[in-house]
Structures are given as structure tokens and as C-alpha cells.
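Here's the structure, in C-alpha cells; my notes come after.
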Amino acid sequence: MNGDAIVWMIIFLSIVIGDGLALYLYKKKKIPLWVSAIVLALLSLVIVSSFVSLGIYYGNKNPGNNAGDEWQGIAFAGGFIAIVLALNAIIMFVIGVILNIYTFIKKKQKT
């Protein structure tokens, strides 16, 4: 499995698990969607730093495979993952704020 496939797997799994959990909690009326977006943005930092540190650890553990490599690829991959997950969190935050405004206006019109 090449590095690109690993990056896309991490992005896909992070978005599916994070968004799925956020939507589940929103539908059960436990946590507003915008709060879940903030939590997802903070967790994306943990996901990216874990990915980068594990990549560097694996690379340093097997130095014969990557002689002369200075690990720019893992840094670029981590940055790309961070940007994608941050954009996902921003989109979810905007949707959550719009839904809260919509429900506030809808409740105000009923009274």
C-alpha cells in the first residue's frame, strides 16, 4: 500500500467516523452540530499529529528502506490531512449555525 492510499484512508475514516458521530449526537439532541464541529476541529489536530509521529517513528525504525529521506512527504501528507479535516469542521460548523438560526426563527414564529 503506497502513502497516498494511507492518506486517503485516514481522511475517509476520520470524516466518516467524526461526521457520523456528530450527526448521531445531533439527532439524539445531545450535542448541537456546531459544538461537534469544534470538537472535530480539535480532534483533527490529534489525528494529524498522531499520523505524522507514527510515520516518523516507522521511518526511523527502518532506516535502510529510506536512506537519505528527510521526511518531507509525511509532513506534506499531515498538512494535507489537516487542511481537509479543518475544512470539513468549518463546513459542519456553518451548517450547525444555520440550523440553529433556522430552529430559533421557527420557534419564534410559533409563539
For the range 1-91 the trypsin sites (Lys or Arg not before Pro) that pass both the DSSP coil test and the at-most-13 other-Cβ-within-10 Å test are LYS28, LYS29, LYS30
Quick calc, the range 1-110, dipole around Cα centre from Cβ unit charges on Lys, Arg (+) and Asp, Glu (-), nearest 20 debye, gives 1180
Asserting the computed 222 nm helical MRE of the chain (DSSP H runs at least 4 long, -39500 (n - 2.57) per run, divided by residue count, to nearest 500) equals -30500 deg cm²/dmol
With the convex hull built on the alpha-carbon atoms of the range 1-49, volume per residue in Å³ sits at 59
The lysines whose Cα lies under 29 Å from the Cα of LYS28, excluding any fewer than 8 residues away in the same chain, are LYS106, LYS107, LYS108, LYS110
When the charge dipole of the range 3-110 is computed with +1 on Lys and Arg Cβ and -1 on Asp and Glu Cβ about the Cα centre, the Cα farthest towards its positive end, among ALA41, ILE15, ILE95, belongs to ILE95
For ILE31, the residues 5 or more places away or on another chain with a placed amide H closer than 5 Å to its own amide H are TYR26
The chain, Kirkwood Rh and Cα Rg, ratio Rg/Rh at 1.17
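Throughout, read-outs are computed from the coordinates displayed, never taken from laboratory work. The shown structure was predicted, so the numbers you read here are calculated from the model rather than taken from an experiment. Here Cβ is always computed from backbone atoms with ideal geometry, including for glycine, and neighbour counts include all displayed protein chains.
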